[in-house]
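J.: Dropping a structure here in structure tokens format, bear with me for questions.
The values are calculated or read from the model by the stated rules, or taken from the named source; none is laboratory data. Computed from a predicted structure; not experimentally measured. A quick note on method: Cβ atoms are made from the backbone with ideal geometry, for glycine too, and the neighbour counts reach across all protein chains shown.
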Amino acid sequence: MIKTMTKNRIMSLLTSLPLILGFILNPPLVISIGLLTFFIPLSSYYIGQVLMARPKSKKEEEERKKITFTGY
Amino acid sequence: MIYPATNSMLYLFLEIITASLFAGLLLGLHRKVIARIQRRPGPPLIQYMLHTLKFFIKELTIPDTSSMPLYVAIALALAGAWVLAFLVGPVLLGPYIIIIMCYAVHKVSEHGIGLATGSPYAKFGSSRAVLSATSEMPLVVAPALVFVRTNSLILQDIINYQIINGSLVNQLPLAALATFILVITKTPFNPFGIVYGKDIISGFKTEHFGVIRGVLMFGETLAFFVLLWCFLVIFFGGVINTPLTILLAMIGVTFILGFICALTPMVAPYHSVMIQWIFALLAIANVLLI
Amino acid sequence: MSDILNLSGSIIGRILLADIVPYLTPFSLALVITILVFTVFLTLSTPEFRAMIQFKKDVVGTSTVEKKEARFRRFMTILCGVALLGVVTTGDLFNFALFVSLVGVTNLGIFAGVKDSHVLNAAFQYGLVIMICSLPLFGGVAITLARTGTLSMGVLAVIPADPLVNISRALLIIGAIGEGALAPFFATKVEMIRAKGAPYINMMHLSSLMVFTRIIEIIFIMG
Amino acid sequence: MPYFQFLPHIVLFIIGSLVGLEASYKWHSEPFVQRTIEPIPLAIAIIGGILINIYAPLGFLFLGFVLGMRPGYGFYESILGIVLALVLWVIL
């Protein structure tokens, strides 16, 4: 649980770093378009992963995983 | 207000933020218009944006049956494609043909999003995405037919041509109509939206929730903005060619779209494809005959 | 060369190999990056577990693509990506036709490994379509060569259109939509995409739409 | 094309709508009944209508407050505000 949280934190930092660096360094037009195209969806995905509500305990997590759409 | 240097990355980023917020408001307005026509009060204007924000803090569960990492990557590809289309089209006034490509990526993503889950309901949506691609791709080409007149598909040249020679809607009215049909197909609750149909449990997005749905909705706001922009600027560019006029005209067109979406029922899949094909063929005939 | 500039932006780079001139514009650069990204992701993904439901019965189960079958189809997916790269970067009409027919063959290969009879039937019909459509495809190229004396797109862009070149444009469109399984020859594709293995099927859809966007550019260039 | 010159307008409008939504739900927790013109939203709408001609983003903040109120409420007030803004814009 804690492990995935930190992993998502690291990934969200890593994916938004190119954007922040790009704002400061002003790369050429083609590169900045490429950076925005790749890293806006990616960073928003990982930031969302960090922000999202999670099950609080390990027991809840197991309970949640039992239900799949083929499970009935 | 402090302006960042033109074509710097911050400038491009601010443009994306502005467009997605504005298009979110437009989609809210669209829902409000539909509600008023159906004599309901309707949701507040910011409802679409609240939905998008809500999905960013909802829990994301990935189905056991899904094919990873396709499940995540293909949804992000849809948003990325529209970011590219927005930057190349409305912001930098580059070649229109890249927007065609982005639309193609959008259709591929719709297909992949449905398939990657392994759910039979999402598969229905993705099958319909392939079906609708056959008629929507010719519609995306309709604006490109102005090449016959302007001899250029760079959007800046198209605008310049129209400022000198008057709007292209007077010369190619049926191509403009086909583009308008394309804009309709990308609005929510539209008659041709067989991919998002409620009869197949919201189509290809059935198994996508949480952050991925939020990113998808962000991509759809940009898609709405880009296609509306293309319709207005490629065919009415003689009059509508500054940011203020473009944004105002977008509000006007959204009202019209609201009326159309409120008053038309959902068309059956094959009928939808046939109707769209008829408009696309009319556009091609218009160009060939003149 | 002016038509290419007006269509897809300034030329970033080009390799001069006598008549064969691969070139890169912003448009083809975007296409190349898209295809590369898609090919990598589709190759890395595992096939999904397809849920099977029998209507009116309580039968629910999942099935997936077998490993041996998946390996072959993944190989064909990579090959299809490579062929697509050729389609979008080439500056020569004959090479374009060659790569498009290669896309058709690899698409057929993606579905040849499936062990469903209805999918194989559809793939057989698609195979017939791609064989027939290679005739208009290469025929269009041949007519263009006979009329204008060149197949280089940079040169074709400058030459004004005449009726015979228009005929070859129409033939090229027919050939490309046949090879890519686009709209009118579409009936086989609907059956084929019912097969299992999401990443591989998605590659076929990608290839047909990318061929479509490229053929749009080429018929404008020839005008 | 520089669209981001309208970023403050849009952002302030959204903030105004959010505040308006919250505030009107606080004022009216009852089921939707009446359609009367209320004093506070009316005042805000008039302020917005005037401000929009002086400093547009702030005007959008106030108009967004009225437009973004609970569905069914603030309808006449927002129309009044917009009409006032248009009239002032034509006069000035």
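J.: Out of all the residues in the stretch B:25-54, which are at the interface with chain D (Cβ under 10 Å from one of its Cβ atoms) and either outside any helix (DSSP H, G or I) or closer than 30 Å to A:Leu25 by Cβ (or both)?
T.: B:Arg40, B:Pro41, B:Gly42, B:Pro43, B:Pro44, B:Leu45, B:Ile46
J.: I've got another one for you. In the set B:Thr65, B:Thr61, which member is within 14 Å of chain C (Cβ to nearest Cβ) and of a type in the set (S, T, N, Q)?
T.: Just one listed residue meets the conditions, B:Thr65.
J.: In the stretch C:83-128, how many residues are outside any helix (DSSP H, G or I) and either acidic (Asp, Glu) or farther than 30 Å from C:Gly13 by Cβ (or both)?
T.: Counting residues in the stretch C:83-128 that are outside any helix (DSSP H, G or I) and either acidic (Asp, Glu) or farther than 30 Å from C:Gly13 by Cβ (or both) gives 5.
J.: Go through the stretch A:37-61 and give me each residue that's assigned to a helix (DSSP H, G or I) and more than 7 Å from chain B (Cβ to nearest Cβ).
T.: A:Phe39, A:Ser43, A:Tyr46, A:Ile47, A:Val50, A:Lys58, A:Lys59, A:Glu60, A:Glu61
Here is a yes/no grid of residues against (1) within 21 Å of D:Phe4 (Cα to Cα); (2) of a type outside the set (A, V, I, L, M, F, W, C):
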position: B:Gly219; (1), (2): yes, yes
position: B:Phe236; (1), (2): no, no
position: B:Leu247; (1), (2): yes, no
position: B:Met250; (1), (2): yes, no
position: B:Met266; (1), (2): no, no
position: B:His271; (1), (2): no, yes
position: B:Ile275; (1), (2): no, no
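J.: For B:Met274, indicate whether it is outside any helix (DSSP H, G or I), in contact with a helix residue (DSSP H, G or I) (Cβ under 9 Å, 6 or more places away or on another chain) and more than 30 Å from B:Gln156 (Cα to Cα).
T.: Considered against the rule, which asks whether it is outside any helix (DSSP H, G or I), in contact with a helix residue (DSSP H, G or I) (Cβ under 9 Å, 6 or more places away or on another chain) and more than 30 Å from B:Gln156 (Cα to Cα), B:Met274 comes out as no.
J.: Taking the stretch D:7-45 as the region of interest, how many residues are more than 19 Å from D:Leu86 (Cβ to Cβ) and within 14 Å of chain B (Cβ to nearest Cβ)?
T.: Result for the stretch D:7-45: 22.
J.: Follow-up. When B:Lys186 is evaluated against the numbered criteria (1) touching a Leu at 6+ places or on another chain (Cβ under 7 Å); (2) charged (D, E, K, R); (3) modelled with pLDDT of 90 or more, which criterion, by number, is the only one it fails?
T.: Against the list (1) touching a Leu at 6+ places or on another chain (Cβ under 7 Å); (2) charged (D, E, K, R); (3) modelled with pLDDT of 90 or more, B:Lys186 comes up short only on (3).
J.: Looking at (1) surrounded by 15 or more Cβ atoms within 10 Å (Cβ to Cβ); (2) under 29 Å from B:Cys102 (Cβ atoms); (3) modelled with pLDDT under 90, find the lone condition where C:Val65 falls short.
T.: (2)
J.: When you go through D:Gly48, D:Gly74 one by one, which is the residue that is within 13 Å of chain B (Cβ to nearest Cβ) and within 10 Å of the chain's Cα centre (by Cα)?
T.: D:Gly74
J.: I would also like to ask the following. Residues to consider are B:Gly258, B:Gly210; find the one that is away from every other protein chain (no Cβ under 14 Å) and either crowded, with 18+ Cβ neighbours inside 10 Å or among the small types (Gly, Ala, Ser) (or both).
T.: Of the residues listed, the single one that is away from every other protein chain (no Cβ under 14 Å) and either crowded, with 18+ Cβ neighbours inside 10 Å or among the small types (Gly, Ala, Ser) (or both) is B:Gly258.
One line per residue, one yes/no per condition, for (1) touching a Gly at 6+ places or on another chain (Cβ under 6 Å); (2) β-branched (Val, Ile, Thr); (3) buried (at least 16 other Cβ atoms within 10 Å of the Cβ):
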| site | (1), (2), (3) |
| --- | --- |
| B:Ser20 | no, no, yes |
| B:Ala23 | no, no, yes |
| B:Leu26 | no, no, yes |
| B:Arg39 | no, no, no |
| B:Tyr48 | yes, no, yes |
| B:His51 | no, no, yes |
| B:Thr61 | no, yes, no |
| B:Asp64 | no, no, no |
| B:Ile74 | yes, yes, yes |
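J.: While we're on this one: Could you tell me whether C:Leu151 is under 22 Å from the mean Cα position of the chain (by Cα), closer than 30 Å to C:Arg73 by Cβ and either away from chain B (no Cβ under 14 Å) or buried (at least 18 other Cβ atoms within 10 Å of the Cβ) (or both)?
T.: When the stated conditions are applied, C:Leu151 does not pass them.
J.: Let me ask something else about it. Is at least one residue of the stretch C:48-56 on the phi > 0 side of the Ramachandran plot, over 18 Å from the mean Cα position of the chain (by Cα) and at pLDDT below 85?
T.: Yes, the conditions are met somewhere in the stretch C:48-56.
J.: Going through the stretch D:12-39 one residue at a time, which ones are within 16 Å of the chain's Cα centre (by Cα) and free of Cβ contacts under 8 Å to residues at least 12 places away in the same chain?
T.: Passing the criteria: D:Glu22, D:Pro39.
J.: Kindly provide the set of residues from the stretch A:9-36 that are more than 9 Å from chain B (Cβ to nearest Cβ) and buried (at least 16 other Cβ atoms within 10 Å of the Cβ), ordered by number.
T.: A:Met11, A:Ser12, A:Thr15, A:Ser16, A:Pro18
J.: Filter the stretch B:192-217 for residues that are of a type in the set (Val, Ile, Thr) and more than 17 Å from the chain's Cα centre (by Cα); which is nearest to B:Lys58 (Cα to Cα)?
T.: Among those that are of a type in the set (Val, Ile, Thr) and more than 17 Å from the chain's Cα centre (by Cα), it is B:Val211.
J.: Right, another one. Given the conditions (1) buried (at least 17 other Cβ atoms within 10 Å of the Cβ); (2) more than 10 Å from chain B (Cβ to nearest Cβ), report the number of the one that C:Pro199 does not fulfil.
T.: (2)
J.: Condition first: in contact with a strand residue (DSSP E or B) (Cβ under 6 Å, 6 or more places away or on another chain) and under 27 Å from B:Ile158 (Cβ atoms). Can you find one or more residues in the stretch B:88-103 that meet it?
T.: For the stretch B:88-103, residues in contact with a strand residue (DSSP E or B) (Cβ under 6 Å, 6 or more places away or on another chain) and under 27 Å from B:Ile158 (Cβ atoms): present.
J.: Identify all residues within the stretch B:218-234 that are over 10 Å from the mean Cα position of the chain (by Cα) and farther than 19 Å from B:Gln276 by Cβ; write none if there are none.
T.: B:Phe218, B:Leu232, B:Val233
J.: So which residues in the stretch B:99-115 are hydrophobic (A, V, I, L, M, F, W, C) and buried (at least 24 other Cβ atoms within 10 Å of the Cβ)?
T.: The answer is B:Ile99, B:Met101, B:Cys102, B:Ala104, B:Val105, B:Val108, B:Ile113, B:Leu115.
A quick yes/no check of all residues on (1) within 12 Å of chain B (Cβ to nearest Cβ); (2) touching a residue at least 60 places away in the same chain (Cβ under 8 Å); (3) crowded, with 19+ Cβ neighbours inside 10 Å:
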residue	(1), (2), (3)
C:Ser28	yes, yes, yes
C:Val40	yes, no, no
C:Pro47	yes, yes, yes
C:Ala51	yes, no, yes
C:Met76	no, yes, yes
C:Leu93	no, yes, yes
C:Phe99	no, no, yes
C:Val103	no, yes, yes
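J.: Would you check which residues across the stretch B:178-193 are polar (S, T, N, Q) and outside any loop (DSSP other than H, G, I, E, B) and list them?
T.: Answer for the stretch B:178-193, where residues must be polar (S, T, N, Q) and outside any loop (DSSP other than H, G, I, E, B): B:Thr179, B:Thr185.
J.: Under the condition of being among the β-branched types (Val, Ile, Thr) and surrounded by 11 or more Cβ atoms within 10 Å (Cβ to Cβ), which residue from the stretch D:14-47 is modelled with the lowest pLDDT?
T.: D:Ile37
J.: Right, here's the next one. List the helices (runs of 4 or more DSSP H) inside the stretch B:74-177, counting only whole elements, that have at least 3 residues being facing another protein chain (nearest Cβ under 7 Å) and either under 22 Å from C:Leu209 (Cβ atoms) or of a type in the set (Asp, Glu) (or both).
T.: Fully inside the stretch B:74-177 and qualifying: B:97-116, B:120-141.
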